[in-house]
Amino acid sequence: MTTETLTGRRIAILATDGVEQVELVQPREAVEKAGASVTLVSLDHGNIQAMEGDVNAADTFTVDSVVADVSADDFDALILPGGTTNPDQLRVDADAVEFVRSFVQARKPVGVICHGAWTLVEADVLKGRTLTSYPSIRTDIRNAGGTVVDEEVVVDGNLISSRNPDDLPAFCAKIVEHFSA
């Protein structure tokens, strides 16, 4: 893979407090290394608090844009990192849910890992789709009409999904590949 595969691509990462730090940092680094411009989109201006192992405070990250002020039209692809409280907060925010729904409906690539799929469930975009996720939310995906498989990385059309931080190398490689298509 050349370092220019994503040059000119604009990637949004939608996250808020409670995001699993490694699931934010590693995909961000992968797409930036491939030449993409990355925007951290969140619910409010300021900083978000990342977590390690879902319970230990890690670093904070500066928000670039507020989800109410942007649209899927502003970006070429979307990354949805996990952590349990991050997507749990996003899925109750109407602007965040519509932002995610707009990407899927526009058939723009969406990379989602771990609990990040909760926002896809809320956006009601999983009927007939196959993906993977953290085990504790698989019933939610099935109830939303999706099919869940237990694999390192799953690609179904514009959705690229992985289960947990252990899958990050495969996930990062796959999102770079699909974000460049």
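The values are calculated or read from the model by the stated rules, or taken from the named source; none is laboratory data. Computed from a predicted structure; not experimentally measured. Glycine also receives a Cβ, built like all others from the backbone with ideal geometry; neighbour counts cover every protein chain displayed. What goes into the accessible areas is simple: the full protein's heavy atoms, side chains included, and nothing from ligands, DNA or RNA. Shrake-Rupley method; radii C 1.70, N 1.55, O 1.52, S 1.80 Å.
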Regression test value, accessible area per residue of region 25-163, probe 1.4 Å, units Å², expected 43 Å²
Partner aspartates and glutamates whose C-alpha sits under 17 Å from that of LYS108, ignoring same-chain residues fewer than 8 away, are ASP73, ASP74, ASP76, GLU98, ASP124, ASP156, GLU177
Taking alpha-carbon centroids only, region 1-52 lies from region 127-181 a number of Å equal to 18 Å
With +1 on the Cβ of every Lys and Arg and -1 on the Cβ of every Asp and Glu, the dipole magnitude of the chain about its Cα centre, in debye rounded to the nearest 20, is 600 debye
Carbon and sulfur atoms account, in whole percent of the 1.4 Å probe accessible area of the chain, for 44 percent
So GLU152 and SER136, fully extended at 0.36 nm per residue minus their Cα-Cα distance, gain in nm 4.2 nm
Taking Lys and Arg as +1 and Asp and Glu as -1, residues besides GLU52 with C-beta under 11 Å from its C-beta add up to -4
Computed, not fitted: 222 nm per-residue ellipticity of the chain from DSSP H runs ≥ 4 (each -39500 (n - 2.57)), nearest 500, equal to -8500 deg cm²/dmol
Largest fluctuation, THR132, THR85, THR62 only, Gaussian network model of the chain with Cα springs under 10 angstrom, belongs to THR62
Scalar couplings 3J(HN,Hα) for region 4-14 by Karplus 6.51 cos²θ - 1.76 cosθ + 1.60 (θ = phi - 60°), nearest whole Hz, x for Gly and Pro, are 9, 4, 10, 4, x, 7, 10, 10, 9, 10, 9
The farthest towards the positive end of the charge dipole of the chain, of the residues TRP118, GLY53, VAL149, given +1 on Cβ of Lys and Arg and -1 on Cβ of Asp and Glu, is VAL149
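With the convex hull built on the Cα atoms of the chain, state its orientation-averaged projected area in nm².
Averaged projected area of the chain's Cα convex hull equals 8.7 nm².
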